[in-house]
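Since the structure comes first, as structure tokens, the remarks are kept for the end.
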Amino acid sequence: MSSEGGINNGCSRSDHEVFDVAVVGGGVVGCAVARRFVLEGARVALLEKGEDILSGASKANSAILHTGFDAPVGSLELECVQAGYKEYMEIFKDFDLPILKTSAFVVAWTQEQLARLPSIESQAHQNNVDNVHIVTSDTLLKREPNLSRSALGAVSIPGEFVIDPWSSPLSYLTQAVLNGAEVRFGYGVSSGQFDGETWVLKSATKKDISARFVINCAGLYGDQLDEALLGRSEFSIKPRKGQFVVYDKAASALLNAIILPVPTERTKGIVLTRTIFGNLLLGPTAEEQDDRALASVSKKEVELLKNQAEAMVPCLKGMPVTATYAGLRPASESKEYRVFEYEQKNWITAGGIRSTGLTASLGLAAHIYKQYSKMANFLVPLTSVKTPKMPNLAEHKQRDWMQKGYEEIVCHCEMVTKREIDNAFASVIPARDLSGLKRRTRATMGRCQSFYCSARLAELTKDRFIDDLSVDVSGEEHE
Ligand SMILES: Cc1cc2nc3c(=O)[nH]c(=O)nc-3n(C[C@H](O)[C@H](O)[C@H](O)COP(=O)(O)OP(=O)(O)OC[C@H]3O[C@@H](n4cnc5c(N)ncnc54)[C@H](O)[C@@H]3O)c2cc1C
């Protein structure tokens, strides 16, 4: 094991190096796990089959920082959500990450739902979210005057907030890289061998990677990775699609808090929430499907969603829609997180992290590290840690165009500057394609959906996207 943290401790960083830990998957869970292990002193390689991080489930979520008020009592999910929430609140200022302190209401629209509010309040208290309380419809409508008068009452959850779904995982992995982790994109782990001490991981197109320990964070493909390399999987992924509607920025003035429905056994249900980017988000649906990659949007579901939203907030009628999109939750046959340790194989699987992974990721990473320490040699935590400052994408904080020297506004819908585009290419983990550029700057995600800025963006990005996937990200050049 490395004793000098994630920094190269004298060994050459050749392809023959044996990493302490290989993290497979660069979703929010993998990024948080890579960061945790680097901070604890491991030499880490993160292997991602996509061209960028957030190529799977983590690219499309509701971005709510959950308190865990409704998580199953005593569950691993609850433990990780609450630990993740706590750690996020401890670190977000250091990374310059944004947080929108919205609070939330679980609103009852029928007598049956109203009767369920006391049990939601009581579960929250059992989960130690003590400030959760029932409010009358009068109180609710004073706080949310644009809600339909048919709201019967609500549970108030003051601690539910909205965060930046993209900058947070990017900041976790950036910190990992700054402190010595290496990232290989286009590295789809397809097979591997374990000799009792070391794994040799193989991909169809890239050189083998050796690591003493593997953490499977492969999201929608976690079960398949276990089957391919361990010969068995304790769980099966059952992709669950969530479709979303993004209303124009004007709609975000219609609500203060996140409006949640009374949940069902299967899903948290359709949410209305402001986004960190200044829009109003509606969704997600919960649709089972076999396909692990196809996240299509259907006109029918979008209309159903909009009808539900207009019933809750009547002024939404006629409000323009900026975009629609869908994400796939890596759900499994069970509601629980599917975390398994294989001591004889130096392997931990973090699977089935369905609906709460953005919040839980930091807590899950700490849990996985705890499990790892029971199985492997101890590591020596870093004593000096580099922390990146992330560019601000949040609408409620000062944006780049508000500061001198930005040269040019490139995307006028989202007010993205040329300086932000340049910085996205110069960053520790640079944008490698247009989606990655969007997630680092907001370019193209506005009302015109790139109609007006695509020509200028094409000029500015010419020859700058890294289509050679053999170019890897390593902390060395940034040290
Ligand atoms: C509709 C929806 C709404 C959500 N809302 C919220 C919310 O409001 N709050 C919240 O906290 N959470 C939310 N979540 C949950 C959160 O987004 C997920 O829990 C999380 O994205 C799962 O992350 P992951 O890292 O496990 O998986 P993924 O993001 O899927 O990451 C796995 C990665 O592994 C890569 N990979 C797969 N196989 C291989 C391989 N063989 N080799 C190399 N790489 C591989 C994939 O390309 C992918 O990038 C939501 C999720 C969805 C879909």
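The values are calculated or read from the model by the stated rules, or taken from the named source; none is laboratory data. It should be emphasised that the depicted structure is a prediction, and the values quoted were computed from it without experimental measurement. Here Cβ is always computed from backbone atoms with ideal geometry, including for glycine, and neighbour counts include all displayed protein chains. Quick note on the areas: whole protein, heavy atoms, side chains included, nothing else; ligands and nucleic acids left out. Shrake-Rupley method; radii C 1.70, N 1.55, O 1.52, S 1.80 Å.
Mind counting the residues in segment 32-61 that are part of a helix (DSSP H, G or I), of a type in the set (D, E, K, R) and open to solvent by less than 20 Å² (accessible area, probe 1.4 Å)?
So in segment 32-61, the residues part of a helix (DSSP H, G or I) come out as 32-39, 57-59.
Next, from what is left, pick out any that are of a type in the set (D, E, K, R): 35-36, 59.
Filter once more, so that each one left must be open to solvent by less than 20 Å² (accessible area, probe 1.4 Å): 35.
Matching residues across segment 32-61 total 1.
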* Asked: Which one of these does V321 not meet: (1) open to solvent by less than 20 Å² (accessible area, probe 1.4 Å); (2) more than 11 Å from the ligand (Cβ to nearest atom); (3) farther than 22 Å from G56 by Cα; (4) among the β-branched types (V, I, T)?
  -> (1)
* **Qualifying residues in segment 62-105 (those that are aromatic (F, W, Y) and not in a loop (DSSP other than H, G, I, E, B)) - the one surrounded by the most Cβ atoms within 10 Å (Cβ to Cβ)** => F105
* To do: Specify the residue that is least open to solvent (accessible area, probe 1.4 Å); the eligible residues are those in segment 125-143 that are of a type outside the set (S, T, Y) and without any contact (Cβ under 8 Å) to a residue 24 or more places away in the chain.
  => L141
* Structure fact -> Among strands (runs of 3 or more DSSP E) completely within segment 323-440, the ones holding 3 or more residues that are within 30 Å of F277 (Cβ to Cβ) are 409-411
* Within segment 215-248, restricting attention to residues that are among the basic types (K, R) and in a loop (DSSP other than H, G, I, E, B), which residue is nearest to the chain's Cα centre (by Cα)? -> K238
* To do: Mind listing whichever residues of segment 278-312 are open to solvent by less than 20 Å² (accessible area, probe 1.4 Å), among the polar types (S, T, N, Q) and closer than 17 Å to A251 by Cα?
  => N279
* Do we have A350 as modelled with pLDDT of 95 or more and of a type in the set (G, A, S) here? -> yes
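For the structure I just gave you, tell me whether L201 is out of contact with any helix residue (DSSP H, G or I) (no Cβ under 7 Å at 6 or more places or on another chain), farther than 30 Å from V302 by Cβ, within 14 Å of the ligand (Cβ to nearest atom) and of a type in the set (A, V, I, L, M).
Numbers: out of contact with any helix residue (DSSP H, G or I) (no Cβ under 7 Å at 6 or more places or on another chain): yes; farther than 30 Å from V302 by Cβ: yes; within 14 Å of the ligand (Cβ to nearest atom): yes; of a type in the set (A, V, I, L, M): yes.
When the stated conditions are applied, L201 passes them.
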* Structure fact -> The one condition D248 fails out of (1) within 13 Å of the ligand (Cβ to nearest atom); (2) in contact with a Ser or Thr (Cβ under 6 Å, 6 or more places away or on another chain); (3) assigned by TED's automatic domain parsing to the domain that holds I120 is (1)
* To do: Determine, yes or no, whether A251 is in contact with a helix residue (DSSP H, G or I) (Cβ under 7 Å, 6 or more places away or on another chain) and not in a loop (DSSP other than H, G, I, E, B).
  => yes
* What are the residues in segment 53-71 that are farther than 21 Å from I429 by Cα and more than 6 Å from the ligand (Cβ to nearest atom), if any? -> L65, T67, G68, F69, D70, A71
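For segment 106-117, state whether one or more residues are within 18 Å of the chain's Cα centre (by Cα), of a type in the set (V, I, T) and either within 13 Å of the ligand (Cβ to nearest atom) or open to solvent by 20 Å² or more (accessible area, probe 1.4 Å) (or both). Show your work before the answer.
Our first condition is that a residue be within 18 Å of the chain's Cα centre (by Cα); within segment 106-117, this holds for none.
Within segment 106-117 (the criterion being within 18 Å of the chain's Cα centre (by Cα), of a type in the set (V, I, T) and either within 13 Å of the ligand (Cβ to nearest atom) or open to solvent by 20 Å² or more (accessible area, probe 1.4 Å) (or both)), the answer is no, since none of the residues qualifies.
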* **Matching entry among Y372, Y337 (being out of contact with any Cys (no Cβ under 9 Å at 6 or more places or on another chain) and not acidic (D, E))** => Y372
* To do: Evaluate the following for R354: is it farther than 23 Å from S167 by Cβ, open to solvent by 30 Å² or more (accessible area, probe 1.4 Å), assigned by TED's automatic domain parsing to the domain that holds L229 and touching a residue at least 60 places away in the same chain (Cβ under 8 Å)?
  => no
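Rundown of residues vs (1) within 25 Å of the chain's Cα centre (by Cα); (2) among the charged types (D, E, K, R); (3) within 13 Å of the ligand (Cβ to nearest atom), yes/no style:
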| position | (1), (2), (3) |
| --- | --- |
| C315 | no, no, no |
| Y325 | yes, no, yes |
| G352 | yes, no, yes |
| A360 | yes, no, yes |
| G363 | yes, no, yes |
| A366 | yes, no, no |
| V380 | no, no, no |
| T383 | no, no, no |
* Residue ID - farthest from V24 (Cα to Cα), chosen from residues in segment 211-237 that are surrounded by 19 or more Cβ atoms within 10 Å (Cβ to Cβ), more than 10 Å from the ligand (Cβ to nearest atom) and not hydrophobic (A, V, I, L, M, F, W, C) -> S233
